[in-house]
């Protein structure tokens, strides 16, 4: 590391600390702000493009940039159950109620998240699956637990297996030193609702810029019609389904009449 | 061809689901049953949540039993008065079963309850059928005649009050056991997503001594009305009926049932009962396996109030 770069970093750090305007600025663009779940929906990848706009004070960063894209889905209270053997059979015995954890959480980086900043900084910024707070209800209190708590670990593991939680160190690609791209994988079982995309730029162990954007996932067309009718007009929906069944059965009896 | 199920919230292959419908329809046509006890576990196996599976199957059985009812109606081989009395109990039972699903879901124990009910019911019924049909086959081999039903024999409940004469069935019996049988069938139908034909037919024959000629038609009539009301009740209470899934299953089921019925006519009745008994037992054992064997993952997630 040469002296000039060292001075530049020190100057940049000073500027960051003293001025509200950051040296780097993130500009991002999503390929879509609305994802429609239609009857042929089998999952989709959204693409996020972004540039890092720099000015005179930000030249000569050493160690390069660290970029983390965190995609957070709608929050959904969830209970994690643990089975135990009771009288020879396995039953759900113990449970922990997670207070509003994200239903979807993707942490996408250009290199391992742990390399980007110190553990304290990452925890404060809730960056990385191990650092995100997943508060549990413990009695009357709400508290987060450490990352190796068995219920928390199981929650994250099952969510990962469902493809709804992920942490990927090589998901963000830099096309030029300042232009990056990543794709946000949305599997078929992705929950509907509002999604927040949070882009954090790290340099030399601190966050130097942040940008948020959002998209929504909605059911569309026939899927939306059926789901909404079932939710809002249960009685009507029930009778409609019943008559559909009666009609199908009647049609079957007419078509295949044997006697 | 993949299609996204709006209530079950997952994509499935249309042709695969259609084939499931055809296979279950084939077996139900062959054995003269609704097929709910096969279809519900199959849907759960595919990954559809138990609540959605139970509710959706009830609409499927509505469709398949209507075809049967129409055939028996034309031949006047059903006892409407008896069916009405059974239904009086069954509808109360269905409300109870659907309500219990909501309670168990809230407590996180629905999977366990469904597993245990299936294991118990299918284990007992399957074993009884296998033993009974095995004996019948043995008798047929030895050239003995089957036991003849003695119409005069009375059970203890023939002494109960509120007696009614059911002309078509030629029985004179108290409505209390009729309501009770109806209640049990309706309750299990709401809770387990089964039409209950494989329970109701023996109950009518052995307990109420209804002549075989009207038993199946009457039983199908009860199944039809119970499952049609279960469809509405599940939609209102649990919002878990997936109409898209139901439609695919129904279309497959109606087609399969036609071929099944033809296949069933080629097999002797006691052999048919043995096969059905083995099938019921196998499904029961499958549930036993899941309950007894240590699961791969002891943990599971539940979203309160959600369908999954």
| request: Answer yes if at least one residue in the stretch A:164-186 is outside any helix (DSSP H, G or I), surrounded by fewer than 16 Cβ atoms within 10 Å (Cβ to Cβ) and within 14 Å of chain B (Cβ to nearest Cβ), and no otherwise. | output: no
| query | Does the stretch B:263-272 include one or more residues that are within 13 Å of chain A (Cβ to nearest Cβ) and in a helix (DSSP H, G or I)? | reply | yes
| remark: The residue that is surrounded by the fewest Cβ atoms within 10 Å (Cβ to Cβ), considering only those in the stretch B:209-237 that are more than 14 Å from chain A (Cβ to nearest Cβ) and in contact with a helix residue (DSSP H, G or I) (Cβ under 7 Å, 6 or more places away or on another chain), is B:212
| said: Name the single residue that is nearest to the other protein chains (Cβ to nearest Cβ) among those in the stretch A:77-114 being surrounded by fewer than 18 Cβ atoms within 10 Å (Cβ to Cβ) and under 23 Å from residue A:214 (Cβ atoms). | reply: A:77
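From B:77, B:71, B:51, which residue is surrounded by fewer than 24 Cβ atoms within 10 Å (Cβ to Cβ) and more than 9 Å from every other protein chain (Cβ to nearest Cβ)? Break it down into steps so the answer makes sense when it comes.
Numbers: B:71 fails: more than 9 Å from every other protein chain (Cβ to nearest Cβ); B:51 fails: surrounded by fewer than 24 Cβ atoms within 10 Å (Cβ to Cβ).
Result: B:77 is the single residue among B:77, B:71, B:51 that is surrounded by fewer than 24 Cβ atoms within 10 Å (Cβ to Cβ) and more than 9 Å from every other protein chain (Cβ to nearest Cβ).
Within the stretch B:280-308, count every residue that is assigned to a helix (DSSP H, G or I) and in contact with a helix residue (DSSP H, G or I) (Cβ under 7 Å, 6 or more places away or on another chain).
As a first pass, look at the stretch B:280-308 and keep what is assigned to a helix (DSSP H, G or I): B:280-292.
Restricting the remaining residues to those that are in contact with a helix residue (DSSP H, G or I) (Cβ under 7 Å, 6 or more places away or on another chain) gives B:280-281, B:283-284, B:286-288, B:290-291.
Residues in the stretch B:280-308 being assigned to a helix (DSSP H, G or I) and in contact with a helix residue (DSSP H, G or I) (Cβ under 7 Å, 6 or more places away or on another chain): 9 in total.
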| message | Would you confirm whether or not the stretch A:151-161 contains a residue that is within 28 Å of residue B:6 (Cβ to Cβ) and out of contact with any strand residue (DSSP E or B) (no Cβ under 6 Å at 6 or more places or on another chain)? | response | yes
| message | Among the residues of the stretch B:7-48, what is the count of those that are buried (at least 23 other Cβ atoms within 10 Å of the Cβ), within 14 Å of another protein chain (Cβ to nearest Cβ) and part of a loop (DSSP other than H, G, I, E, B)? | response | 6
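Name every residue in the stretch B:50-80 that is part of a helix (DSSP H, G or I) and more than 16 Å from residue B:224 (Cβ to Cβ), in order of residue number.
So the first thing to find is which residues in the stretch B:50-80 are part of a helix (DSSP H, G or I), and the list is B:50-74, B:80.
Across the stretch B:50-80, the qualifying residues are B:50, B:51, B:52, B:53, B:54, B:55, B:56.
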| Tally of residues being in contact with a helix residue (DSSP H, G or I) (Cβ under 6 Å, 6 or more places away or on another chain) and closer than 15 Å to residue B:232 by Cα across the stretch A:240-259 | 4
| Is one or more of the residues making up the stretch B:88-106 at pLDDT below 90, touching a strand residue (DSSP E or B) at 6+ places or on another chain (Cβ under 7 Å), part of a helix (DSSP H, G or I) and farther than 18 Å from residue B:226 by Cβ? | no
| request: Scan the stretch A:233-253 and give yes if some residue there is farther than 30 Å from residue B:258 by Cα, in contact with a strand residue (DSSP E or B) (Cβ under 9 Å, 6 or more places away or on another chain) and surrounded by 14 or more Cβ atoms within 10 Å (Cβ to Cβ), otherwise no. | output: no
| task | With a cut-off of at least 2 residues that are without any contact (Cβ under 8 Å) to a residue 24 or more places away in the chain, name the strands (runs of 3 or more DSSP E) lying wholly within the stretch A:75-127. | result | A:78-86, A:89-98
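Does residue B:58 qualify as being at the interface with chain A (Cβ under 10 Å from one of its Cβ atoms), crowded, with 24+ Cβ neighbours inside 10 Å and either within 26 Å of residue A:256 (Cα to Cα) or without any contact (Cβ under 8 Å) to a residue 24 or more places away in the chain (or both)? Give the derivation first.
Values: at the interface with chain A (Cβ under 10 Å from one of its Cβ atoms): yes; crowded, with 24+ Cβ neighbours inside 10 Å: yes; either within 26 Å of residue A:256 (Cα to Cα) or without any contact (Cβ under 8 Å) to a residue 24 or more places away in the chain (or both): yes.
Criteria met by residue B:58.
Table: residues versus (1) closer than 30 Å to residue A:66 by Cβ; (2) modelled with pLDDT under 95; (3) within 20 Å of the chain's Cα centre (by Cα); (4) more than 14 Å from chain B (Cβ to nearest Cβ).
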| residue | (1), (2), (3), (4) |
| --- | --- |
| A:205 | yes, yes, no, yes |
| A:211 | yes, yes, yes, yes |
| A:222 | no, yes, no, no |
| A:231 | no, yes, no, no |
| A:246 | no, yes, no, no |
| query | Has the stretch B:238-252 got any residue that is part of a helix (DSSP H, G or I), surrounded by fewer than 23 Cβ atoms within 10 Å (Cβ to Cβ) and within 16 Å of the chain's Cα centre (by Cα)? | reply | no
| query | Taking the stretch A:36-54, which residues are under 23 Å from residue A:173 (Cα atoms) and assigned to a strand (DSSP E or B)? | reply | A:44, A:45, A:46, A:47, A:48, A:49, A:50, A:51, A:52, A:53
| Only one of these conditions is not met by residue A:69: (1) assigned to a loop (DSSP other than H, G, I, E, B); (2) surrounded by 16 or more Cβ atoms within 10 Å (Cβ to Cβ); (3) at pLDDT 85 or above. Which number is it? | (1)
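The values are calculated or read from the model by the stated rules, or taken from the named source; none is laboratory data. Bear in mind that the values here come from a model prediction, so they are computed numbers and not experimental data. Note that each Cβ is placed from the backbone with ideal geometry, even for glycine, and that neighbours are counted across all protein chains shown.
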